[in-house]
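S.K.: To start, I am sharing the structure in question, which I have written as structure tokens.
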């Protein structure tokens, strides 16, 4: 991995924990029928394999950082990375979802099933998390 964000991997464990916390907060914030489905899938994944979100985030972190590096490199001076990701929602969400889609292809069936049930709305959920994800990455890059 030869990207501008690669140095963050020296803090991989802590970064994965903080990003998993963003994911958990985003799940908790969901409401309505689709929010119930998200919460159920998240609970099922954690029940199937406790700690799966942190472990999966850590596993995919090099690919996430590689996918987001072009956006990091193009961030205007004085703009937070979270705001820049939100301003570039389509490429940012596609970069992150490409990684999770590849991972889901080889995931255990219960996890793949949970992911598949949410994939249709995943872009919306990922877009909602771009600012906090970018802010966490920027904090580690500082």
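The values are calculated or read from the model by the stated rules, or taken from the named source; none is laboratory data. Just so you know, these numbers come straight off a predicted model, no measurement behind them. Cβ coordinates were reconstructed from backbone atoms using ideal geometry, including for glycine residues, and neighbour counts include every protein chain displayed.
S.K.: May I ask you to list the residues in the stretch 89-109 that are modelled with pLDDT under 85 and either on the phi > 0 side of the Ramachandran plot or surrounded by 14 or more Cβ atoms within 10 Å (Cβ to Cβ) (or both)?
M.R.: 107
S.K.: I've got another one for you. Can you tell me which of 114, 141, 83 is farther than 29 Å from residue 49 by Cβ and modelled with pLDDT under 95?
M.R.: Just one listed residue meets the conditions, 141.
S.K.: Which pairs turn up if I take residues in the stretch 15-35 that are on the phi > 0 side of the Ramachandran plot and surrounded by fewer than 17 Cβ atoms within 10 Å (Cβ to Cβ) and look for partners that are modelled with pLDDT under 95 and part of a helix (DSSP H, G or I) with beta carbon separation below 9 Å, at least 6 apart in sequence or on another chain?
M.R.: Correct list of pairs: empty, since none qualify.
S.K.: A follow-up question, please. Criterion first (more than 11 Å from the chain's Cα centre (by Cα), at pLDDT 95 or above and either surrounded by 17 or more Cβ atoms within 10 Å (Cβ to Cβ) or farther than 19 Å from residue 7 by Cβ (or both)) does residue 71 satisfy it?
M.R.: Judged against the criteria, residue 71 is a match.
S.K.: Does the stretch 115-130 contain any residue that is buried (at least 16 other Cβ atoms within 10 Å of the Cβ) and closer than 21 Å to residue 3 by Cα?
M.R.: Yes: one or more hits.
S.K.: If you don't mind, there's one more thing I want to ask. Quick one: what pairs do we get from the stretch 100-112, first residue closer than 17 Å to residue 38 by Cα, second not in a helix (DSSP H, G or I), C-beta under 9 Å, 6+ apart or different chains?
M.R.: Filtered contacts from the stretch 100-112: 110/49; 111/49; 112/106.
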